[in-house]
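In what follows, a single structure is set out as structure tokens and then discussed.
The values are calculated or read from the model by the stated rules, or taken from the named source; none is laboratory data. These numbers were taken from a predicted model, which means no experiment stands behind them. Glycine gets a Cβ as well: all are built from the backbone with ideal geometry, and neighbour counts include every protein chain shown. Only protein heavy atoms, including side chains, enter the accessible area calculation; ligands, DNA and RNA are left aside. Shrake-Rupley method; radii C 1.70, N 1.55, O 1.52, S 1.80 Å.
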Amino acid sequence: AQRVTQPEKLLSVFKGAPVELKCNYSYSGSPELFWYVQYSRQRLQLLLRHISRESIKGFTADLNKGETSFHLKKPFAQEEDSAMYYCALHSGGYQKVTFGTGTKLQVIP
Amino acid sequence: KAGVTQTPRYLIKTRGQQVTLSCSPISGHRSVSWYQQTPGQGLQFLFEYFSETQRNKGNFPGRFSGRQFSNSRSEMNVSTLELGDSALYLCASSLEGFEDEQYFGPGTRLTVT
């Protein structure tokens with residue numbers, strides 16, 4: 001069975017400090033991993049996916065198959081980064097997608 | 001282009017009743033997925049439809065069912081409602097499936113009393 005673990009329910013950082021939102025997964029095959037974000041009163045939206053290897057809004061995430069992790073990082077947090085972040089795993093092909101329980105990022109001014 | 005729409009936005013039902021929720025995807029999107037979001041369980045995948053066929057299913061009882069029409073609009077039905085079915089139900093559409101970016105709707109808030 002596939003599983004996604006986000007160990008922190010809440011992460012508080014000061015503006016300008018580095019951010020790392022943790023995501024660990026359990027899956028025996030080659031996963032596709034995503035980060036979704038939900039800003040206050042907005043819809044859930046895709047932030048980035050590992051296959052595109054791009055930086056969105058200053059965020060990056062690297063898939064580490066050895067540690068089965070896909071942590072989301074940003075060097076300098078901004079107040080507008082405050083939101084709920086979900087890590088998600090798609091097991092490829094016509095398979096289901098599994099979401100982590102989410103981490104609320106609070107950036108303190 | 002217009003985003004994903006869901007109707008109704010809020011719903012209150014009584015235990016034992018059934019409910020039907022509707023989702024209209026972005027034009028041109030053929031995949032529609034449904035999710036249940038609760039404070040305790042988070043976001044859980046219900047099922048995915050593509051070209052009017054259920055292609056994927058999560059771990060939910062048979063009381064949860066859905067369908068997709070030829071215009072890609074989708075409906076989700078829950079029969080014999082239980083208190084634990086109270087949740088925010090989200091649908092998302094994408095071009096072909098999970099490998100494409102999913103666009104989420106605003107959700108339908110279902111309360112079962």
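For this structure, a couple of remarks:
- Residue A:49 vs. criteria without any contact (Cβ under 8 Å) to a residue 24 or more places away in the chain and under 12 Å from the mean Cα position of the chain (by Cα): yes
- Of the residues making up the range A:84-109, those that are surrounded by 13 or more Cβ atoms within 10 Å (Cβ to Cβ), more than 14 Å from chain B (Cβ to nearest Cβ) and among the hydrophobic types (A, V, I, L, M, F, W, C) are A:105, A:107.
- Residues that are within 13 Å of another protein chain (Cβ to nearest Cβ) and closer than 12 Å to residue B:4 by Cα within the range B:57-107 comprise B:90, B:91, B:92, B:93, B:94, B:102, B:103, B:104, B:105, B:106, B:107, listed in sequence order.
- Leading residue by the ranking (nearest to residue B:96 (Cα to Cα)) among those in the range B:10-30 that are in a loop (DSSP other than H, G, I, E, B) and open to solvent by 40 Å² or more (accessible area, probe 1.4 Å): B:30
- When residue B:102 is tested against the conditions (1) in contact with an Asp or Glu (Cβ under 7 Å, 6 or more places away or on another chain); (2) open to solvent by less than 20 Å² (accessible area, probe 1.4 Å), the lone failure is (1).
- Verdict on residue A:14 being at pLDDT 95 or above, in contact with a strand residue (DSSP E or B) (Cβ under 6 Å, 6 or more places away or on another chain) and more than 12 Å from chain B (Cβ to nearest Cβ): yes
- Here the range B:80-98 is the region considered, the condition is being out of contact with any Gly (no Cβ under 8 Å at 6 or more places or on another chain) and outside any strand (DSSP E or B), and the residue that is modelled with the lowest pLDDT is B:98.
- Close pairs (7 angstrom Cβ cut-off, 6 or more residues apart or separate chains): under 18 Å from residue A:32 (Cβ atoms) in the range B:96-113, in a loop (DSSP other than H, G, I, E, B) anywhere: B:96/B:30; B:103/B:3; B:103/B:4; B:103/B:26; B:104/A:43; B:104/A:44; B:104/B:4
- Of all residues in the range B:68-90 being more than 23 Å from residue B:15 (Cα to Cα) and not aromatic (Phe, Trp, Tyr), the one that is surrounded by the fewest Cβ atoms within 10 Å (Cβ to Cβ): B:70
- Residues that are open to solvent by less than 60 Å² (accessible area, probe 1.4 Å), more than 14 Å from chain B (Cβ to nearest Cβ) and under 21 Å from residue A:13 (Cβ atoms) occur at least once in the range A:49-59.
- Taking the listed residues A:67, A:79, A:8, the one that is surrounded by fewer than 20 Cβ atoms within 10 Å (Cβ to Cβ) and within 14 Å of another protein chain (Cβ to nearest Cβ) is A:8, with no other qualifying.
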